[in-house]
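The values are calculated or read from the model by the stated rules, or taken from the named source; none is laboratory data. Please read these numbers as outputs of a predicted model, since none were measured by experiment. Here Cβ is always computed from backbone atoms with ideal geometry, including for glycine, and neighbour counts include all displayed protein chains. Only protein heavy atoms, including side chains, enter the accessible area calculation; ligands, DNA and RNA are left aside. Shrake-Rupley method; radii C 1.70, N 1.55, O 1.52, S 1.80 Å.
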Amino acid sequence: TEAERMSGLFAEFQVQGLLRGDSAARAEYYNKLFQVGAMSPNQIRSLENENPVEGGDQHFVMLNMIPLDKAKDAPHLTLEDDGPEPEEAKSFWEKRRIELRKNREKRSIDMRDRIAKQYEPLIRDAATAIVNREAIAIRKFLNKRVMSDLEVFLDDFYADFPEFIHQKMSPVLRSYMLAVIDAANLEFDLTEQEFDAEINEYIDNYSARHVEKSHGQMSALLDQPSEALETRADEWVERRPDKITFDEVVRASAAAYSFAIFGAGLSLIWRIRGERTCPYCTSLNGRKIRSDQHFAGPGDEIDLKDGSTPMKIYGIHRHPPLHQSCDCYCAGG
């Protein structure tokens, strides 16, 4: 009636039913409107002939789906954790920042763990070839030569051995580290950079560490019967490939991740796995450094202040691990 029209009532044909798309099209349409706060969950449910749900009248926007009425209060919400984590976050945004940071770090280490699992057998194969080569060479010398010539043999053998180490281990570690760098770039949407020099330096250092350890262990047995050296070579073959694999899976991953993080101007954060991590490494949990800093350096001591012997630091540690058999990792921030 005219009175009803004057009061604001009007008639309208609803044509949505005639234009109704398939399930995929409707889902895409609803999703786009939902993400910009134009539709609430209950409005979507109504169009799908579903009953409303409690709390479904709230509108949301992107930023990991936060309430629209809170978006104006979050000018500084980022994935980075710029300060110490409060013991009890009081505000919505404190909780949200911490939650986002923890979720990102978990996704990051899960991805690096998957990469490590793929490369573990390749690193073990390379380590096995390296250890077998030196063990065979030492046994062969002991069977044919006198012990008085052993020192000269060891000096000559380990002077040339880095070339073989590079031949076996370099392609594997390089591929592994590049995969970790790619994962870090995706994590922070970083511009791809070249880290050939850093990777080469890491592999050179690995080779030097291996030679120093092997040469040192055998040299320490020079005044022992030849059986002692053969026993040590047998122990290497049996145990050392697994030790090398564990250490390099952790160390190479952390080094590669640090290259990407420092290259982007971000900070690196020391993180631990859990209860099985040693107290010394646990004490570093949450420590953050920039590219011109280090977690621990020569002359430092990590004192737990619980009566235990402090850990003395001899080298520069710009990323985990702090020691062999350490399973710590790092995060960016």
>> Given a 10 angstrom Cα cut-off, can you work out which residue in GLY37, GLY55, GLY263 is the most mobile in a GNM of the chain?
In response: GLY55
>> Greater than 20 Å separation of Cα atoms is the criterion. Which listed pairs, LYS32/LYS102; LYS106/LYS288; LYS117/LYS213; LYS117/LYS288, meet it?
In response: LYS32/LYS102; LYS117/LYS213; LYS117/LYS288
> Near PRO321, within a Cβ-to-Cβ distance under 9 Å, what is the net charge of the other residues, with Lys and Arg +1 and Asp and Glu -1?
Replying inline: -1
> In what order, largest first, do TRP93, TRP270 sit by accessible area if the probe radius is 1.4 Å?
Replying inline: TRP93, TRP270
>> Using a Gaussian network model on the chain with a 10 Å cutoff between Cα atoms, which of GLY307, GLY265, GLY315 fluctuates the most?
In response: GLY307
>> Taking the solvent-accessible surface of protein heavy atoms with a 1.4 Å probe, what is the per residue accessible area of the chain in Å²?
In response: 60
> Taking springs between alpha-carbon atoms closer than 10 angstrom, which of ARG107, ARG139, ARG45 fluctuates most in the Gaussian network model of the chain?
Replying inline: ARG45
> What are the ³J(HN,Hα) values, in whole Hz, obtained from phi via the Karplus relation 6.51 cos²θ - 1.76 cosθ + 1.60 with θ = phi - 60°, for each residue of region 24-38 in sequence order, with x given for Gly and Pro?
Replying inline: 5, 5, 5, 4, 5, 4, 4, 4, 5, 5, 5, 5, 9, x, 7
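Rounded to the nearest 500, what is the 222 nm mean residue ellipticity of the chain from helices alone, with -39500 (n - 2.57) per DSSP H run of 4+ residues and division by all residues? It would help to have the intermediate numbers written out before the result.
Details: 9 runs with 187 residues, N = 333.
Using -39500 (n - 2.57) per qualifying helix, the result is -19500 deg cm²/dmol.
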> Among residues other than PHE295 whose Cβ falls under 14 Å from its Cβ, what is the net charge (Lys/Arg +1, Asp/Glu -1)?
Replying inline: +3
> What's the local net charge at PRO41, with K and R +1, D and E -1, over the other residues with C-beta under 12 Å away?
Replying inline: -3
> Got a sec to turn the phi values of region 188-197 into Karplus ³J(HN,Hα) couplings, 6.51 cos²θ - 1.76 cosθ + 1.60 with θ = phi - 60°, whole Hz, x for Gly and Pro?
Replying inline: 10, 6, 8, 6, 5, 10, 8, 10, 4, 4
>> Tell me the label only: which of (1) 22.5, 88; (2) 26.6, 100; (3) 29.9, 120 is Rg and Dmax of the Cα atoms in Å as calculated from this structure?
In response: (3)
>> If the reach is capped at under 15 angstrom between alpha carbons, list the aspartates and glutamates near LYS243, excluding any in the same chain fewer than eight residues apart.
In response: GLU120, ASP125, ASP234, GLU235, ASP327
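How large a share of the accessible area of the chain, in percent, is made up of carbon and sulfur atoms when the probe is 1.4 Å and the other protein chains stay in place? Kindly include the intermediate steps, with their values, before the conclusion.
Numbers: 10160 of 20100 Å².
It is 51 percent, rounded to a whole number.
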> Label ASP149 and LEU304 with points 7 Å out from Cα along Cα→Cβ: what is the distance between them in nm?
Replying inline: 5.0
> HN-Hα J couplings of region 328-333 from phi, Karplus 6.51/-1.76/1.60, θ = phi - 60°, integer Hz, Gly and Pro as x?
Replying inline: 5, 9, 10, 10, x, x
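Going from most exposed to least, what order do CYS278, CYS326 have by accessible area with a 1.4 Å probe? Walk me through the intermediate numbers first.
Working: CYS278 35, CYS326 5 Å².
Greatest to least solvent exposure: CYS278, CYS326.
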